[in-house]
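Comments concern the structure below.
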Amino acid sequence: MHSRILLCLAAFIAAVFLPSSGWTAAPVSVTNLQPNDTIHLDDHWLYQSGDDMAWADPDFDDSQWGSAHTPLIDDVPGEWTGIGWYRIHLKVDSSMFGKVVGLAFAQVAATEFYFNGELVLSRGEVEEGCDIHNIYIKQYGGPHGIVLADQDYQVLAVRMSVDPNHGRGQNREFLGLKMWLVEFESTNDHSIDTYMLVTRHQMFFTGLALAICLIHLLVYVFYPNVKANLYQVYFTLSIAILCFAPFQMALEHRVHGFMLVGALFKLAVTATCVCGLWLINHLLYPKMPKHFWFLAAGGALVGLGGYWLHQSLIYGFAMLVLAETTRVVITGLIKRKPGASIIGIGYGLFIIASMYQMMVDMNWVPNLWEGYFFYYLYGVLALLISLSILLAWQFTAAKKDLEVQLDEVQKLSAETKRQQEEAKKQDVARAVLVKEKAMEIEKARDLQRAYDELEDANRHLKETQAQLTQSEKMASLGMLVAGVAHEINTPVGAINSSHDTLARAVSKIKDTLDNDCDTECATRRRLFKYLSAMDDASRVIESGGDRVTKIVRRLRSFARLDEAELQKANINEGIEDTLILAHHELKHTVQVTCNYGDLPEIACYPGKLNQVFLNLLINARQAIEKKGSITITTEVVNGFVKASIADSGEGIPEDKLQKIFDPGFTTKGVGVGTGLGLSICYQIIQDHHGDIQVESEVGKGTTFTVKLPTNLDELVENT
């Protein structure tokens with residue numbers, strides 16, 4: 001379509017402003033040009049195939065060159081090789097010296113213009129075998145002002161390249177270059193007027209499409225559930241590009257820019273057709289047909305490949321989609337779909353104008369109105385007007401529906417008001433009953449609150465009593481252990497003292513026998529035998545005394561009744577003291593493994609911690625039915641002392657782990673446990689600002705981990 005627009009512009013200017021003056025003999029005479037005068041440069045061109053920049057020199061001897069009627073590929077003497085030069089000699093009247101003349105041209109090629117040896121204009125990238133992307137496709141390219149030199153004979157040389165196969169594939173009426181010399185100022189003014197006309201058409205139709213696009217976009221933003229507005233945004237945006245691109249091509253002077261805008265135009269053609277079909281299907285039918293998506297996918301491929309595809313392929317696909325759209329509109333009219341008549345009128349005019357425009361561009365039908373090239377724009381205008389009418393009709397219909405619904409709401413409101421008055425009368429009668437019931441409920445709530453408070457107090461009392469009982473038991477145990485240790489310590493001291501006396505006596509007897517008795521004396525030998533037995537007994541007494549002394553020391557260390565205040569202690573030693581006390585429970589069936597870390601002495605309540613360790617060890621022993629193992633591990637981690645006691649017992653089910661530290665809860669049988677041991681342990685660890693955690697897996701065992709801060713004294717002072 002864009003090629004046809006430019007061709008019509010050139011034909012219009014040539015017909016009105018460039019009347020034919022006939023052929024002239026070589027060289028071409030250039031005399032005083034008046035407005036509307038033109039000199040056709042269609043005769044006596046000299047041609048030479050190949051490429052040599054010396055051919056731009058006005059003094060170059062071109063007498064051996066062949067002659068050509070015009071710089072068109074069809075008029076080339078011999079076979080076109082892809083690149084060549086054209087030269088024409090001008091005889092300039094002295095009255096034209098120093099004046100500006102207009103060089104007007106129409107071309108489908110890549111060209112460079114040299115006037116008197118100087119490059120004055122270039123369009124496209126001239127190179128041997130240049131493809132379509134280097135060709136500057138322009139049906140009207142002027143006028144371009146050139147200054148005539150102060151000499152009688154001057155030379156215009158044209159360097160041109162084009163691949164005839166590519167060029168002819170774009171549906172052009174000619175391939176090559178057509179040129180005129182015109183009076184510059186009036187022709188340039190008319191060219192400006194023409195560009196202004198093009199610009200006005202571009203701005204009006206593009207702006208109208210964008211305005212309608214913006215309206216539907218705003219409506220969709222506020223009412224996103226109405227998808228038709230979103231589809232109209234896509235459709236009108238495609239129309240805006242379709243109106244903008246061909247006119248922009250007429251104003252574009254860069255090859256790559258020209259080709260990119262052309263590709264955008266092809267994309268807009270396919271997008272407009274596909275989005276229009278999408279919109280109409282959505283407006284007329286509740287569900288999109290499956291074959292539409294194949295057309296949409298094909299449109300995406302064709303539109304995105306427009307830079308490389310032949311324009312006739314684009315138009316062919318567009319005609320296919322427009323035919324499908326026509327079928328959809330006609331079906332909607334037959335089925336009397338709402339809004340189908342409005343859509344049918346606007347879209348019908350758009351289809352007729354667009355189909356005719358495409359057929360004119362592809363030279364399938366003659367242009368009935370010579371010099372006019374805006375057919376499709378008025379089809380676009382009719383379509384945009386119909387869309388606006390459809391939008392207004394939809395809003396009007398929505399408003400009418402709203403008014404009907406409002407009337408129904410008013411009727412319902414009156415009925416509701418009557419029912420509310422009746423309900424108020426019933427509410428007055430009901431209010432008395434409700435008030436009486438409320439008073440009764442309030443009294444019941446007061447009784448319930450009192451009962452709940454009594455239950456809470458009773459529960460706290462039982463928990464406190466149980467904890468006090470357990471604490472009293474542990475205190476009594478500590479006093480008992482300390483008393484037993486004291487009572488045992490006295491006879492142990494007597495045993496140790498007697499052992500010492502016996503050992504010294506045996507030693508003196510041995511010394512006496514060694515000094516005073518004959519070596520062979522039988523009595524001496526018997527005495528030595530008795531003394532050896534006494535010495536063995538002395539060692540047994542010494543070993544037993546040491547063991548009893550060690551046990552007594554550990555018992556006194558465990559009791560620590562004199563250490564109720566915060567003191568420095570080593571956790572490893574406390575665990576060892578506890579193991580001594582629990583030795584009789586563990587020695588036959590449990591293997592105890594101790595992995596002590598290098599622990600510092602920390603501030604703590606040693607007696608209470610020993611109570612925690614004893615409870616955890618006894619619980620671990622009771623969790624092992626026959627034989628098993630207990631592993632004790634201590635270490636320092638991030639400012640905390642950690643002590644872990646892991647057993648290989650039966651484990652604790654996951655649903656009971658959350659209650660393990662609750663007072664009264666126990667996993668042991670009736671009569672085996674009170675359910676207070678772990679609760680007391682938890683409270684002792686909380687008093688130490690520490691933490692106790694449990695991990696268990698049924699059938700594999702349980703691990704209790706105690707974490708104690710190393711700076712408890714500082715924490716206590718801060719609180």
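The values are calculated or read from the model by the stated rules, or taken from the named source; none is laboratory data. This is a predicted model, so every value here is computed, not measured. A quick note on method: Cβ atoms are made from the backbone with ideal geometry, for glycine too, and the neighbour counts reach across all protein chains shown.
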Task: Yes/no for G98 being in contact with a Leu (Cβ under 7 Å, 6 or more places away or on another chain) and over 22 Å from H44 (Cβ atoms) - done: yes
Task: Any pair with Cβ under 6 angstrom, 6 or more apart, that starts in region 698-719 at a residue that is without any contact (Cβ under 8 Å) to a residue 40 or more places away in the chain and ends at one that is assigned to a loop (DSSP other than H, G, I, E, B) - done: L715/H689
- [ ] Output the number of the condition that F613 fails; it satisfies all remaining conditions of (1) in contact with a helix residue (DSSP H, G or I) (Cβ under 6 Å, 6 or more places away or on another chain); (2) surrounded by fewer than 21 Cβ atoms within 10 Å (Cβ to Cβ); (3) modelled with pLDDT of 65 or more.
- [x] (2)
Task: Subset of region 199-226 that is assigned to a helix (DSSP H, G or I) and of a type in the set (S, T, Y) - its residue that is modelled with the lowest pLDDT - done: T199
TODO: Could you check D577 against (1) within 19 Å of D687 (Cα to Cα); (2) buried (at least 19 other Cβ atoms within 10 Å of the Cβ) and say which number it fails?
DONE: (1)
- [ ] Please determine, by comparing only the residues of region 123-156 that are at pLDDT 85 or above and touching a Ser or Thr at 6+ places or on another chain (Cβ under 9 Å), which one is surrounded by the most Cβ atoms within 10 Å (Cβ to Cβ).
- [x] D152
Open item on the list: Within region 348-355, does at least one residue satisfy the condition of being β-branched (V, I, T) and part of a helix (DSSP H, G or I)?
Closed with: yes
Task: Residues that are modelled with pLDDT under 70 and within 30 Å of S95 (Cα to Cα), drawn from region 157-178 - done: none
Open item on the list: Condition (residue is in a loop (DSSP other than H, G, I, E, B), touching a residue at least 60 places away in the same chain (Cβ under 8 Å), under 18 Å from M179 (Cα atoms) and touching a helix residue (DSSP H, G or I) at 6+ places or on another chain (Cβ under 7 Å)) applied to region 63-75: is it met by at least one residue?
Closed with: no
